Amino acid sequence: MAEKSEKEPVPEEEEAKKPVKEESEKEVAERREWLMDMMKLSLGFAPTPEKLLDTLDMDGVVNYIKSGKCKKIITMAGAGISTSAGIPDFRSPNTGLYDNLQKYNLPHPQAVFDIGYFWKNPEPFFLLAKELWPGVFKPTPCHYFIKLLADKGLLHRHYTQNIDTLESRAGLEADKLVEAHGSFRTAHCLICEKEYSQDFIEEKVFAGEIPRCNEPGCEDNIVKPDIVFFGESLPKRFGELVHDDFKECDLLLIMGTSLVVQPFASLMNRTQHHCPRMYINLEKTGSGPSNPISMLMFGGGFKFDDEDNYRDVFWQGTCDDGCLLMAEKLGWKEELQEIVKTDHAKIDENAKALKARSKSLESDKEEKQEEKGEVVSKVVETKKSTLGKSESDTEKSNIPKSKTNAPKSSVTKSSSTASRATSKSPSSSKTKLKKS
Ligand SMILES: [Zn+2]
């Protein structure tokens with residue numbers, strides 16, 4: 001789920017048609033210019049852009065950051081930055097995640113995130129949501145490294161494909177974050193589009209219920225967390241920010257993504273030609289064609305192994321190892337380790353509270369169901385007593401009624417509620433008696 005193909009976001013019809021059009025014309029012109037520059041570059045008709053890295057390795061990138069010339073870093077991340085947190089790969093059928101869903105006879109594992117399937121059967125998704133619920137997992141050193149970049153005033157924006165919200169759990173502010181595939185933070189009714197909070201969904205999910213709309217006339221319609229399903233467009237925020245962000249970016253740091261998912265993967269080609277790019281991943285992918293015609297057709301890519309590479313750096317390994325090494329080289333290692341330690345301790349505390357809450361929600365649900373049964377029996381009792389009551393003046397009949405009612409209903413009530421009911425009736429008759 002963390003990585004999947006999506007269409008470009010579709011701008012909402014009514015919302016400011018004009019600015020969107022002007023923006024796209026501007027974008028087209030800039031794109032044309034970018035392609036022309038790339039063409040000239042690869043044919044040797046234009047001087048190579050200024051080489052900003054001393055060496056094409058991590059040290060080169062670290063020196064560039066230390067030099068102070070780089071203040072607008074964009075980080076891009078995929079599932080790889082969360083694997084060490086224990087978040088299973090959604091695409092792998094052998095994670096155990098899908099085993100739990102087998103009772104639903106899904107046509108294929110990805111159907112859980114298929115919007116068409118969700119309309120028909122939301123249950124498997126919410127079961128999965130409970131297992132993946134934000135709060136159960138801890139951010140990784142890589143997440144805290146991104147947060148540290150923000151603290152140092154170096155992070156322009158973080159683009160993530162992940163829906164685990166570990167970036168914000170690590171303390172990254174919403175303003176610095178673009179969740180390209182959405183998140184659990186908010187939710188909307190599928191029909192009336194009323195917005196719901198994460199707390200609202202959380203309560204339902206942990207009680208094992210399907211969240212439903214509470215708008216009058218819209219009851220029973222499903223409320224879906226705002227994560228992007230297959231067949232849905234990307235969040236508006238992505239479309240709004242991506243153009244200017246990548247134009248301004250002065251260092252692109254890509255981590256833990258195989259760069260096969262569009263439009264996310266093509267973001268790497270949106271920076272200016274001189275902007276250095278570093279890729280931290282287990283496998284070396286994302287190398288583009290060197291032939292200029294292919295480039296025009298398929299877009300550029302990394303040039304790690306090309307003779308004319310002047311800006312692309314590949315570091316092979318896990319995202320955590322890469323970030324820890326980078327932090328060490330930048331002189332931030334102890335700071336990073338301290339953040340990881342203290343924040344993880346905090347999360348452990350919160351997780352305990354969440355677990356307790358989940359348990360109490362479940363027992364509340366059971367209690368509610370019990371009470372429902374009690375209410376029914378109480379109504380029956382009241383009806384019986386009303387029917388048996390002969391026509392008399394209300395003032396008189398009120399006192400004996402409450403007196404006789406209490407022991408009667410206590411027969412059907414559980415012992416605890418019965419004691420509550422019996423203690424109530426004497427006090428209420430007291431006030432009545434005082435009045436008269
Ligand atoms: Zn609704």
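The values are calculated or read from the model by the stated rules, or taken from the named source; none is laboratory data. Values in this document were obtained by computation on a predicted structure and should not be read as measured data. Because the Cβ atoms are built from the backbone with ideal geometry, glycine has one as well, and the counts that use them run over all protein chains shown.
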| Of the residues that make up the range 134-150, is at least one in a loop (DSSP other than H, G, I, E, B), more than 16 Å from the ligand (Cβ to nearest atom), more than 21 Å from Asp321 (Cβ to Cβ) and β-branched (Val, Ile, Thr)? | yes
| What tally of residues in the range 151-166 results from selecting those that are free of Cβ contacts under 8 Å to residues at least 60 places away in the same chain and either within 17 Å of the chain's Cα centre (by Cα) or within 16 Å of the ligand (Cβ to nearest atom) (or both)? | 1
| task | Inspect all residues belonging to the range 109-130 and state whether any of them is farther than 30 Å from Gly217 by Cβ and in a loop (DSSP other than H, G, I, E, B). | result | no
| note | Per the filter on the range 166-178, residues in contact with a strand residue (DSSP E or B) (Cβ under 7 Å, 6 or more places away or on another chain) and either over 16 Å from Met255 (Cα atoms) or assigned to a helix (DSSP H, G or I) (or both) are Glu167, Ser168, Leu172, Lys176
| said: Here is a check on your reading of the model: is Glu202 farther than 30 Å from Leu149 by Cα, more than 14 Å from the ligand (Cβ to nearest atom) and among the acidic types (Asp, Glu)? | reply: yes
| query | What tally of residues in the range 135-167 results from selecting those that are among the charged types (D, E, K, R) and more than 26 Å from Lys352 (Cβ to Cβ)? | reply | 3
| request: May I ask you to verify whether Cys189 is within 16 Å of the ligand (Cβ to nearest atom) and modelled with pLDDT of 95 or more? | output: yes
| task | State which residue pairs qualify: first residue assigned to a helix (DSSP H, G or I) and inside the range 55-67, second residue surrounded by fewer than 16 Cβ atoms within 10 Å (Cβ to Cβ) in any location, beta carbons under 6 Å apart, and separation of 6 or more residues or different chains. | result | Gly60/Asp54; Asn63/Asp54
| query | What residue, of Gly208, Gly182, is surrounded by fewer than 17 Cβ atoms within 10 Å (Cβ to Cβ), more than 16 Å from the ligand (Cβ to nearest atom) and of a type in the set (Gly, Ala, Ser)? | reply | Gly208
| field | Selection within the range 149-169 - surrounded by 24 or more Cβ atoms within 10 Å (Cβ to Cβ) and aliphatic (A, V, I, L, M) | value | Leu149, Ile163, Leu166
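Let's see how each residue does on (1) free of Cβ contacts under 8 Å to residues at least 40 places away in the same chain; (2) over 16 Å from Phe125 (Cβ atoms); (3) out of contact with any helix residue (DSSP H, G or I) (no Cβ under 6 Å at 6 or more places or on another chain):
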{"residue": "Ile191", "(1), (2), (3)": "yes, yes, yes"}
{"residue": "Lys194", "(1), (2), (3)": "yes, yes, yes"}
{"residue": "Ser197", "(1), (2), (3)": "yes, yes, yes"}
{"residue": "Glu202", "(1), (2), (3)": "no, no, yes"}
{"residue": "Asn214", "(1), (2), (3)": "yes, yes, yes"}
{"residue": "Lys224", "(1), (2), (3)": "no, no, yes"}
{"residue": "Ser233", "(1), (2), (3)": "no, yes, yes"}
{"residue": "Asp245", "(1), (2), (3)": "no, yes, yes"}
| field | Leading residue by the ranking (farthest from Ile115 (Cα to Cα)) among those in the range 180-211 that are part of a strand (DSSP E or B) and of a type in the set (S, T, N, Q) | value | Ser197
| field | Pairs with Cβ under 6 Å, 6+ apart, first in the range 311-336 and farther than 30 Å from Leu41 by Cβ, second polar (S, T, N, Q) and surrounded by 15 or more Cβ atoms within 10 Å (Cβ to Cβ) | value | Asp320/Ser84; Asp320/Thr140
| request: Among the residues of the range 211-225, write down those that are surrounded by fewer than 20 Cβ atoms within 10 Å (Cβ to Cβ) and either under 18 Å from the mean Cα position of the chain (by Cα) or more than 11 Å from the ligand (Cβ to nearest atom) (or both). | output: none
| Is there a residue being assigned to a helix (DSSP H, G or I), crowded, with 19+ Cβ neighbours inside 10 Å and within 16 Å of the ligand (Cβ to nearest atom) anywhere in the range 248-264? | no
